[in-house]
Amino acid sequence: MIRGWRLEIRKILNKNNKQRILNQDNFNMPDISTINDQMVEIPGGKIELRDDRIKHNWSVEIEPFLLARFPVTQELYFEITKESPASFKGDKKPVETVSWKDAVIFCNLFSEKAGLQPCYYLSADSTEITFDPKANGYRLPTEAEWEYACKAGTTGSRYGEIDTIAWYKDNSEGMTHDVAMKTPNSWGLYDMLGNVWEWCSDIYDETVYGSYRIFRGGGWCDEVRGCLATNRRRSHPSSFKIDDLGFRVARNLKDK
């Protein structure tokens, strides 16, 4: 309920205050050809996941893959989509207020611009989305890949002391911050906890929640207990957008 009130207040503020309009003149455009330099090679391994809701544990084998060093920024999102949905404006801040569907559309557009094969097929009316695991383009990480990469070989629920690694309720001053300002994990990944939650590719529980998709990591407005590598949340893939939810991209390593 509090999250809902916060989003409504944000909408009212946006209506009452002239928002900065972002166009090409507002940005130092990223060089698409160098984006792969910001992709980290994640080694293969194994991760045990847990659903506290039903007290269920399961293990997942992780193939080596590539994961972006930090969440997609507003600068990059605008370069690819020509849209600026974020509530907290800033070129180097993570894009937020994007749905799961928005994120996969970005991945496809990004892939096309980079000369790669898109990973997602959208129906003519964009209501059905299917994933092609053999495509070499950008995609969302699975939740197993995300948690495995977040922990970076550690066994705890965080990869460091929270104030050094994450923007959360006690230090964020009520907003997102530029990416890569906190200490990364041992694999060189920034903002895996805090700043914005991150969409993952997986459906949460189809039998109970239908098409709801998972997001991970905690955001700028979460308490300490919200910023854990193991926390799982979910929501509607098309309609749910909020100012502490963004995403980062992944690729299959063999397609580097």
Filter result (charged (D, E, K, R) and either out of contact with any Gly (no Cβ under 9 Å at 6 or more places or on another chain) or part of a loop (DSSP other than H, G, I, E, B) (or both)) within the range 234-256: Arg234, Lys241, Asp243, Asp244, Arg248, Lys254, Lys256
Residue in the range 192-203 that is more than 19 Å from Gly90 (Cβ to Cβ), under 13 Å from the mean Cα position of the chain (by Cα) and aliphatic (A, V, I, L, M) present: yes
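Just to be sure I understand, how many residues within the range 111-128 are surrounded by 20 or more Cβ atoms within 10 Å (Cβ to Cβ) and closer than 21 Å to Arg213 by Cα?
Result for the range 111-128: 3.
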Residue within the range 147-159 that is without any contact (Cβ under 8 Å) to a residue 60 or more places away in the chain and over 18 Å from Ile47 (Cα atoms) present: no
Selection count, the range 129-158, where residues are closer than 21 Å to Ser211 by Cα, aliphatic (A, V, I, L, M) and surrounded by 22 or more Cβ atoms within 10 Å (Cβ to Cβ): 1
Qualifying residue in the range 165-174 (condition: buried (at least 19 other Cβ atoms within 10 Å of the Cβ), modelled with pLDDT of 95 or more and closer than 26 Å to Glu79 by Cα): yes
Some residue of the range 217-240 being buried (at least 18 other Cβ atoms within 10 Å of the Cβ) and touching a His at 6+ places or on another chain (Cβ under 9 Å): yes
Subset of the range 121-145 [in contact with an Asp or Glu (Cβ under 7 Å, 6 or more places away or on another chain) and aromatic (Phe, Trp, Tyr)]: Tyr121
Selection from the range 75-98 of residues that are polar (S, T, N, Q) and closer than 22 Å to Gly217 by Cα: Ser87, Thr97
Segments classed as strands (runs of 3 or more DSSP E), wholly inside the range 54-146, with at least 1 members that are farther than 21 Å from Glu41 by Cα, of a type in the set (S, T, N, Q) and touching a strand residue (DSSP E or B) at 6+ places or on another chain (Cβ under 7 Å): 56-62, 129-131
Number of the exception - Trp199 against (1) part of a loop (DSSP other than H, G, I, E, B); (2) in contact with a helix residue (DSSP H, G or I) (Cβ under 6 Å, 6 or more places away or on another chain): (1)
Single match in Arg232, Arg225, Arg251, Arg158 (criterion: of a type in the set (Lys, Arg) and either in contact with a Ser or Thr (Cβ under 9 Å, 6 or more places away or on another chain) or farther than 24 Å from Asp52 by Cβ (or both)): Arg251
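The values are calculated or read from the model by the stated rules, or taken from the named source; none is laboratory data. Small disclaimer: the values here were computed from a predicted structure and weren't measured. Methodologically, a virtual Cβ is constructed for each residue, glycine included, from the backbone with ideal geometry; neighbour enumeration extends over all protein chains shown.
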